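Have a look at the structure below before the remarks.
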Amino acid sequence: MKKLTARILLTPAVGSLFLWMIVPLVMSIYFSVIRYNLMSPGEEEFIGLMNYHFFVTDPGFWPAVLNTFILIGAVIGITLVLGIALALLVNDKFPGQSLVRILLISPFFVMPAVNALLWKHMMMNPIYGVLAHVWHFFGLQPVNWLESFPLLSVIIMVSWQWLPFACLIFITSLQSMDREQLEAARMDGANYVQQFRYMYLPHLSRSVAVVIMIEMIFLLSVFAEIFTTTGGGPGFESTNIAFMIYVQGLMNFDVGVASAGGLFAVILANIASIFLIRIIGKNLEK
C-alpha cells in the first residue's frame with residue numbers, strides 16, 4: 001500500500017518530466033523526415049532520410065565533428081590536469097584559504113555568453129586586450145587570437161569556465177583522504193611524487209571519472225562561446241555540431257535539416273554516455 005501511494009504521488013512529476021523529454025524528441029523526429037523550410041511555408045512533404053543525407057554531406061559536417069571531439073578532449077585534458085594541480089595546491093591550510101577557494105570556483109558561475117565577451121574584449125583583443133599588453137611588454141607583435149587560432153581560443157574560454165567545476169570536485173575528494181596514511185608515508189621516506197602517484201591519484205580516480213562523464217555530456221552542446229566570438233569561422237575552423245545545427249535552423253531556415261542534425265547529436269551523446277557509463281561504472285565499483 002505504501003509503495004502504491006508513493007508511486008501515485010510521484011506520477012505527476014514523472015509524467016511531466018516524461019512529456020518534457022518526449023514531446024521535443026517526437027517533434028524533432030517528425031520534422032527530420034519532412035521538407036520544412038521557413039522560407040517556403042506550406043510546402044511540407046515527406047522526404048524520408050533526405051534531411052539526414054543533406055546534413056552529413058554538408059561541407060562543414062566532418063570539420064564540425066572533428067572540432068567537437070578536439071574541443072571536448074582538449075577541455076577535459078586541461079581541466080583534469082590544472083584541476084588536480086590547483087586542488088593539491090589549496091588543499092593544505094594557509095592564510096586566506098577560504099577566499100582563494102571562492103575565487104577559484106567563481107568563474108563557473110559566469111554565464112557562457114558573458115564568459116565569451118570577457119575573453120573576446122578584455123583578454124584576446126589584439127589592440128587593448130590583456131594578452132596584447134603582455135605581448136607588447138616582451139617586445140612581441142600581439143596575436144589576433146580569434147582569427148589566427150579560433151578553435152584554440154574557444155578551448156581556452158571553455159576550459160577557464162569548467163576548470164572551477166573540476167577543481168571543486170577534486171578539492172572535495174581530497175578532504176576525505178586519510179591524513180594518517182599520508183603522515184605514515186612521509187615518515188617512511190616517500191617523497192611527494194611517490195605520494196602523488198600511489199596515494200593521491202588512486203584516491204582521485206573516482207572524482208576524475210565523474211568529471212570526465214559530466215564534462216563530456218555538457219561539452220557536446222557548447223554554443224554561446226562560438227556564437228559570441230568566432231561565429232564558427234574562419235570557414236569551418238571553429239564550427240562544432242551544435243553551431244552547425246544553429247546555422248541550418250536559424251540562418252538557413254531549414255528546420256528539417258536542423259532537426260536531423262539535432263537527432264544526430266542526441267545519438268552521439270547517447271553513444272558517448274553509454275561508453276562512459278560502462279567504463280566509469282567499472283571504476284566506481286572498485
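Note on the chain: dipole from Cβ charges, positive end direction compared against Val33, Leu89, Gln141; the farthest Cα belongs to Leu89.
When the inverse distances between all different Cα atoms of the chain are averaged and flipped, the Kirkwood radius reads 22.2 angstrom.
Our compactness index for segment 156-286, the C-alpha radius of gyration over the empirical 2.2 N^0.38 Å, is 1.47. Taking the Cα atoms of segment 147-216, the ratio Rg/Rh between the radius of gyration and the Kirkwood radius comes to 1.15. Would you tally the net charge around Val100, using a Cβ to Cβ cut-off of less than 12 Å, leaving Val100 out, and scoring K and R as +1, D and E as -1? Its environment carries a net charge of +1. Amide H contacts of Ile34 (H built 1.01 Å from N, in plane; Pro and chain starts excluded): Ile47 sit under 5 Å, all sequence-distant by 5 or more or on other chains. Sum up the charges of everything whose Cβ sits under 14 Å from the Cβ of Arg186, counting Lys and Arg as +1 and Asp and Glu as -1, but leave Arg186 out. Surrounding charge for Arg186 is -4.
Here the Karplus relation 6.51 cos²θ - 1.76 cosθ + 1.60, evaluated at θ = phi - 60°, turns the backbone of segment 219-228 into coupling constants of 6, 5, 10, 4, 9, 4, 5, 6, 4, 6 Hz, with x for every Gly and Pro. Per the Cα gyration tensor, segment 14-73 maps to an equivalent ellipsoid with semi-axes of 25, 22, 9 Å, ordered largest to smallest. Around Lys120, under 14 Å between beta carbons, what's the net of Lys plus Arg minus Asp minus Glu among the other residues? So the environment of Lys120 carries a net charge of -2. Nearest 0.05, what FRET efficiency do Ala113 and Ile22 give at R0 = 25 Å with Cβ-Cβ as r? Result of the calculation: an efficiency of 0.30.
Size descriptor for segment 1-137, Kirkwood hydrodynamic radius: 21.6 Å (Cα pairs only, one decimal).
Across the options Leu219, Gly73, Ile277, the greatest Cα extent toward the positive end of the charge dipole of the chain (unit charges at beta carbon of Lys, Arg, Asp, Glu) belongs to Ile277. Summing Cβ point charges (Lys, Arg +1; Asp, Glu -1) relative to the Cα centre of the chain gives a dipole of roughly 980 debye. In segment 191-257, the alpha-carbon atoms span a convex hull of 126 Å³ per residue. Distance from the Cα centroid of segment 40-88 to that of segment 119-184 is 23 Å (rounded to whole angstrom).
Here the relative contact order of the chain, from alpha carbon pairs under 8 Å that lie six or more residues apart, stands at 29 percent.
Throughout, read-outs are computed from the coordinates displayed, never taken from laboratory work. This is a predicted model, so every value here is computed, not measured. Counting neighbours? That spans all protein chains shown, and the Cβs are built from the backbone with ideal geometry, glycine included.
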